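*Asks:* One structure, as structure tokens, below. Some questions next.
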Amino acid sequence: MIPRFLYFLLLLLLPASLFAQDATEIVRAAIDYWRDTTSYTEAEMTVHRPDWSRSMSLRAWTKGQTQSLVRFTSPAKDAGNASLRDGRNMWSFSPKVNKVIKIPPSMMTQSWMGSDFSYNDLTKGDDIVKLYTHRLLNSIQQDGHTHFEVEAIPFEDAAVVWGKEVLTIRDDHIMLRHRFFDQEGRLIKELTAREIGQLGGKLIAKRIRMEKVEEANTWTEMAHQAAQFRIEFPESTFTLANLSNPQE
Amino acid sequence: MITKLAWRNLWRHKRRTLLSVVGIGFAVAVLQFFMGIQLKSYDSAINASVSLYYGHLQIQPEGYLDDPEVRKVLAAPQALLGSLKSITDVKAAALRASSFALLSSEDRTYGAQIVGVEFDNEPHVSSIPGVIRQGVFFTSADAQQIIMGRALADNLRLRVGDSVTILGQSRDGSLAAMVLPLAGIFESGSRDLDRNIVEMPLRTFQENFGMEGAAHNIVVRARSASSLESLRGEISRIISRSYPNPGTLAPPVVLTWEELLPGLKESIELDMSFGWLFYFSLILVVTLSVANTLLMSVLERVREFGVMMSLGATPKRVAGLIVVESLLLGFLGVLIGTAFGVAVLRYYGVHGFSIPGTEEFLKIWNIPGAVFPEITFAVVSIAPCVLLLTVLLATIYPVCKVMRLTPVQALHAV
């Protein structure tokens, strides 16, 4: 016979773990939906400062959660600059010096191409699913959708600079908001979906903005202009050879 | 007469007096020695950091210190530099521009600060050009070359003449990429600088990073480190004259080394507070033992004071006697202590004082392993003054006791 207090214990534990399961699933679904199995996008990246602003065009290929390639096409000064990511490794290529440079791990928190995205932001893939515990903070009804607010806290031993992240995810897997808090619980960066629309045959966040919270008017926006999902790439797409010597 | 009497009184108990004198003397000598070492090592730490790279003052764009972005620039640096050189307190000044960048050799990549320095002016504000151990500090003012510290060169496995690929950010936000040969390797003695600083001629930097003649800061070497605040005021006035309406563009700010190197200032302050704690306890112990001696000598002579008073000495006079006695004691101790302290300071001033095992720690702040204390007025005078004062304080209680005595009471005392 099972002692009665165990039932109580089970009653107390079950809902919590179920919620945690739910929360993790919500995050996983959102990440998988956005990256899909493969993707190809064309976008314009705008870096904005209080007294200054600058736009660049880029093309990006991704495969699964671990491989991606970004190549800049304009302005002329930046055309040809490219970044390749494979797992936790990142390489940068500049046609001006015709050389591939591997980004050292200690530099991963640095800004990528002068934007408000860090190298880490680009290489983390589905870390937010695998290296974090998740908790559903609340869910609200808005514009005919349910918005889930999920708190994600990295494992003790995860190599993550953030103390906590809070994601707002719509019930159709679209990430509306992603907030980054430091170890002291201060809000540092915020990624928000500014425009949601049809692209590449599905509904995605077409325009996203990464903002530094403590600095006014400091943000980087990525506006997607074309997208394709679940397409085939040649095997060689995510190789150093392709990075420094484009085949297409 | 009183002085003579006091002097004789002192030597009635030779051993006790000598012990007190030695106590005071020891405290004075120890205080002088430690203060000499302490002040000198702060001085050399500051001097080393200041003259090595940072300068006494730096003029930077507003907000550059907290977030050094390449696009935050000094608009017309040459004009400002020119007017700085007309200030008499300015020994030298030089323009710099810098950007964080990735440096890559054949198979290794490290991040470092790339600094564009003026070929002609830099040697007057920084000692790095003087500590090039291999190669040269550029062949000309627009040479397409870089120099770096030994630690970084070792990390990248580079030798003089090897090519380095540099990826950084230009002023307009685009990627600055270049391949330049390593012209020289410096050993500044500071691990931080040897690992993180890469220099190239300012013109080369401006060209490669799209600076269009702009710079990021002006490094100022002052004639004297003691009047930095007034120099800062003077420079600020010059700046505000050239920025008549600050509403449109924030004028540059003038920062002292204390603001540029907050870590150095903090560690000096921390060290100083430990120093004071030590000095305070030393002074307290000496004061208490001197007070004890004086009190004893008063208490055992109550009868004698009674006799003096009966013969017409006022309590004030007797009190005066005690004060003179203790002052004599104090002066004697201070004299002997100072003689000893100065001798020790002079010895180490020539031979250098080093604490075994601290060299590594000191290296972080560019402090040479051995300290050569200097005999300055502050070092020599503070300890004697403080001790004379505390000896005087120590007489307050015995004097109060004497002032309350009446001849009859005193004569009946044991």
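*Asks:* Please give the contour-minus-distance gain from B:S236 to B:D67: 0.36 nm per residue of separation, less the Cα-Cα distance, rounded to one decimal in nm.
*Replies:* 58.7 nm
*Asks:* So, R0 is 41 Å and r is the distance between the beta-carbons of B:N292 and A:E184; what FRET efficiency does that work out to, to 0.05? Before the final figure, lay out each step's value.
*Replies:* Working: r = 53 Å, r/R0 = 1.29.
E between B:N292 and A:E184, to the nearest 0.05, is 0.20.
*Asks:* Which shape class applies to the range B:124-232: rounded if a/c is under 1.5, otherwise prolate when a/b exceeds b/c and oblate if not, where a ≥ b ≥ c are the square roots of the Cα gyration tensor eigenvalues?
*Replies:* Judged from the Cα gyration tensor, the range B:124-232 comes out oblate (a/c at least 1.5, b/c at or above a/b).
*Asks:* While we're looking at this one, here's another question. Just to confirm my numbers, what's the Cα centroid distance between the range A:197-248 and the range B:266-335 in Å?
*Replies:* If you average the Cα positions of each part, the centres end up 82 Å apart.
*Asks:* Let me ask you something else. Hey, got the average number of other protein chain Cβ atoms within 10 angstrom for residues in A:43-50?
*Replies:* Details: counts 0, 0, 0, 0, 1, 0, 4, 0.
Taking all residues of A:43-50 together, the mean is 1.
*Asks:* Suppose a student asked you for the relative contact order of the range B:117-183, using Cα pairs under 8 Å spaced at least 6 residues apart; what percent would you report?
*Replies:* Computed value for the range B:117-183: 30 percent relative contact order.
*Asks:* Roughly how many nanometres apart are two label points built 7 Å out from the Cα toward the Cβ at A:R230 and B:S224?
*Replies:* For the pair A:R230/B:S224, the computed spacing is 8.1 nm.
*Asks:* In peptide A:89-100, what is the residue-averaged number of other protein chain Cβ atoms found within 10 Å of each Cβ?
*Replies:* 4
*Asks:* Let me ask something additional. How far apart, in nanometres, would the label points at A:S55 and A:R28 be if each is projected 7 angstrom from Cα along the Cα-to-Cβ direction?
*Replies:* Between A:S55 and A:R28, the simple spin-label model gives 4.0 nm.
*Asks:* With labels modelled as points extended 7 Å from the Cα through the Cβ direction, what inter-label distance (nm, one decimal) is found for B:V408 paired with A:R194?
*Replies:* Going by the 7 Å Cα→Cβ label model, 10.1 nm.
*Asks:* Scale the Cα Rg of chain B by the rule-of-thumb value 2.2 N^0.38 Å and send over the ratio, two decimals.
*Replies:* Dividing the Cα radius of gyration by 2.2 N^0.38 Å gives 1.44.
*Asks:* Past 27 Å, Cα to Cα: identify those pairs from A:K102/A:K206; A:K77/A:K164; A:K96/B:K72, in the order given.
*Replies:* Flagged as over cut-off: A:K102/A:K206; A:K77/A:K164.
*Asks:* Considering only protein heavy atoms, what is the solvent-accessible area of A:D157 at a probe of 1.4 Å, reported in Å² to the nearest 10?
*Replies:* Per-residue accessible area (A:D157): approximately 140 Å².
*Asks:* Helix hunt in chain B: which complete DSSP H runs extend at least 20 Å axially by C-alpha with mean Kyte-Doolittle at least -1.0?
*Replies:* B:14-49, B:228-242, B:262-299, B:315-351, B:377-403
*Asks:* Using only C-alpha atoms and all pairs of different ones, pull out the Kirkwood radius for the protein assembly as shown in Å with one decimal.
*Replies:* 31.0 Å
*Asks:* Within 10 Å of each Cβ in A:66-73, how many Cβ atoms from other chains are there, averaged over the peptide?
*Replies:* Partner-chain Cβ atoms within 10 Å, mean over residues of A:66-73: 0.
*Asks:* By how many nm would the segment from B:E212 to B:D142 lengthen if fully extended, with 0.36 nm per residue of separation less the alpha-carbon distance?
*Replies:* 23.7 nm
*Asks:* Here's another thing I want to ask about it. Along the range A:210-222, what does the Karplus equation 6.51 cos²θ - 1.76 cosθ + 1.60 (θ = phi - 60°) give for ³J(HN,Hα), rounded to whole Hz, x for Gly and Pro?
*Replies:* Coupling constants for the range A:210-222: 9, 10, 8, 5, 7, 10, 5, 6, 10, 7, 10, 10, 10 Hz.
*Asks:* What is chain B's relative contact order, in percent, from Cα pairs under 8 angstrom and six or more apart in sequence?
*Replies:* 26 percent
*Asks:* Post the alpha-carbon centroid distance, the range B:1-80 to the range B:90-138, in whole angstrom.
*Replies:* 31 Å
*Asks:* Quick one: check the C-alpha center-to-center distance for the range A:95-157 versus the range B:220-241, whole angstrom.
*Replies:* 46 Å
*Asks:* Another question about this same structure. My understanding is that a pair violates if its Cα-Cα distance is over 25 Å; which of A:K99/A:K130; A:K124/A:K212; A:K63/A:K212 do that in this structure?
*Replies:* Pairs exceeding 25 Å: A:K99/A:K130; A:K63/A:K212.
*Asks:* Now for a different question. What ranking do B:17-24, B:212-219 get when scored by the average of other Cβ atoms within 10 Å per residue, highest first?
*Replies:* B:212-219, B:17-24
*Asks:* Specify the angular offset, from 0 to 90 degrees and rounded to the nearest 10, of the alpha carbon long axis of helix A:4-35 from the longest principal axis of the alpha carbons in chain A.
*Replies:* Helix A:4-35 sits at roughly 20 degrees to that axis.
*Asks:* Over chain B, what is the percentage of antiparallel beta bridges among all DSSP beta bridges, to the nearest 5?
*Replies:* 80 percent
*Asks:* Let me have the 222 nm mean residue ellipticity of chain A computed from DSSP H runs of 4+ only, each contributing -39500 (n - 2.57), with the sum over all residues rounded to the nearest 500.
*Replies:* -5500 deg cm²/dmol
*Asks:* Next up: Just check chain A against the gyration tensor rule for me: Cα atoms, a ≥ b ≥ c as the square roots of the eigenvalues, rounded for a/c under 1.5, and otherwise prolate or oblate depending on whether a/b exceeds b/c.
*Replies:* prolate
*Asks:* Here's something else I'd like to know. Over all directions, how big on average is the projection of the convex hull of the alpha-carbon atoms in the range A:132-187, in square nanometres?
*Replies:* 4.0 nm²
*Asks:* Beyond 22 Å, what share of the Cα-Cα pairs of the range A:168-243 remains, rounded to the nearest whole percent?
*Replies:* Considering the range A:168-243, 44 percent of its Cα-Cα pairs are separated by more than 22 Å.
The values are calculated or read from the model by the stated rules, or taken from the named source; none is laboratory data. Note that this is a predicted model, so its numbers are computed, not measured. So basically every Cβ, Gly included, is an ideal-geometry build from the backbone, and we count neighbours across all protein chains shown. Quick note on the areas: whole protein, heavy atoms, side chains included, nothing else; ligands and nucleic acids left out. Shrake-Rupley method; radii C 1.70, N 1.55, O 1.52, S 1.80 Å.
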